[in-house]
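Asker: So that we are looking at the same thing, I have put the structure below in structure tokens.
The values are calculated or read from the model by the stated rules, or taken from the named source; none is laboratory data. Keep in mind that what you see is a predicted model, and the values were worked out from it rather than measured. Note: ideal-geometry Cβ built from the backbone for every residue, glycine included; neighbour counts use all protein chains shown. With ligands, DNA and RNA removed, areas are computed over all heavy atoms of the protein, side chains included. Shrake-Rupley method; radii C 1.70, N 1.55, O 1.52, S 1.80 Å.
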Amino acid sequence: MKLKRKKDTFKTALRKDLKKNSFAYLLLVPVLLWYAVFCYAPMWGVLLAFKDYKPLLGFGGSPWVGLKHFKEFFSSPFLVRTVKNTFMLNIWGLAFGFTSPILLALLLNEIKAVRFKKVVQTITYMPHFISLVVICGMIHIFTQSGGILTQLVDWISGTEHASLLGYTDMFRPIYTFSGIWQNIGWDSIIYLSAMSSIDPGLYEAADIDGAGRLRKMWHVTLPQIRPTIIILFIFAVGGLMASGHEKIILLYNPLTYEKADVIASYVYRRGLQEASYSFATAVGLVSSVVNFLLLWFTNRVSKKYSEISVF
């Protein structure tokens, strides 16, 4: 009887809430439709990983092959290279790209001159709104023989270089730091937003204790925005296997495959250029599963040691 009453109470409350806030719930409809059409409906395509898909035969006519494509990938000579490069590029991104917006937000938070602060924010936000194709075109110009970055590297190293994108060891620094330049301002917004909600009384108490700016950053600002940092870090680790393949494809070339070829670019070549749709789907599925496991593991560790988690 108690369970029935609770269910009835919940149904009644839900009915009243739907009636009272019907317009607000209607606003959710486009969002739900977007997720249904673009996120959940395409999931049936995962079955291609277990078929030998041929466009002429269609999805239903293509034969089932089980785990054939997964075995092919795990026995591929490109497995170690693509997995290693994917992890290394993303570890560079975590080490430099993830921390840079936090440092910028901390510095902007200390600026008292409002005009100067707005100018710096505008300058750092601008690259985010430039098309990725244009960004990559600029990188090609800056790193070509005689380009501004090439001249800088020549001056520092004391040797002459051709196009920097032709050197294997140059790809990761160019990819990582160009990404920082493009996104540092935009990514710092969420940290600045978190800092704006910090109680000013905490800074006043730190002043009374004689804390300087660095001390206040370390003992007040960072602990207060720690939940935001941890949540974003969990998401970043959860995407460790998902490199920005569009940018990589626009920047890499056969000379730099050794350190630039990642899982996503390998899938692009096999799936679209060689028309191995089933193989590409299988590799993409493996990457998605690994991403989920990384997200789950990072979230669990965070929940255990900091009591902050996504779920």
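Asker: Go through region 137-144 residue by residue and turn each phi into a ³J(HN,Hα) via Karplus (6.51, -1.76, 1.60, θ = phi - 60°); whole Hz please, and just put x for glycine and proline.
Answerer: The phi angles translate into x, 5, 4, 4, 5, 5, 9, 6 Hz.
Asker: Something else now. Given labels modelled 7 Å from the Cα in the Cβ direction, how far is it in nm from S193 to V37?
Answerer: 2.6
Asker: Would you mind getting the accessible area per residue of the chain, heavy atoms of the protein chains only, 1.4 Å probe, in Å²?
Answerer: Per residue, the chain has 63 Å² of solvent-accessible surface.
Asker: With springs only between Cα atoms under 10 Å apart, run a GNM on the chain and tell me which of A24, A194, A275 wobbles the most.
Answerer: A24
Asker: Between Rg and the Kirkwood Rh of region 120-163, both from Cα atoms, what is the Rg to Rh ratio?
Answerer: Rg/Rh: 1.13.
Asker: Leaving out ligands, DNA and RNA, what percent of the accessible area of the chain is carbon and sulfur, probe 1.4 Å? Kindly include the intermediate steps, with their values, before the conclusion.
Answerer: Values: 13470 of 19730 Å².
Solvent-exposed carbon and sulfur of the chain make up 68 percent of the total.
Asker: Taking springs between alpha-carbon atoms closer than 10 angstrom, which of A280, A206, A105 fluctuates most in the Gaussian network model of the chain?
Answerer: Result for the chain, Cα springs under 10 Å: A206 fluctuates most.
Asker: Skipping prolines and chain starts, which residues have an amide H placed within reach, meaning under 5 Å, of the one on K54, given they are 5 or more residues away or on another chain?
Answerer: Amide H to amide H, under 5 Å and 5 or more residues apart or across chains, K54 pairs with S62.
Asker: State the Kirkwood hydrodynamic radius of region 75-306 in Å, one decimal place, computed from all pairs of distinct Cα atoms. Walk me through the numbers on the way to the answer.
Answerer: Numbers: mean 1/r = 0.0497 Å⁻¹.
Result for region 75-306 stands at 20.1 Å.
Asker: Could you compute the longest span of the chain free of GluC sites (Glu not before Pro) located in DSSP loops and having at most 16 other Cβ atoms within 10 Å, not counting the site residues?
Answerer: The answer is 1-159.
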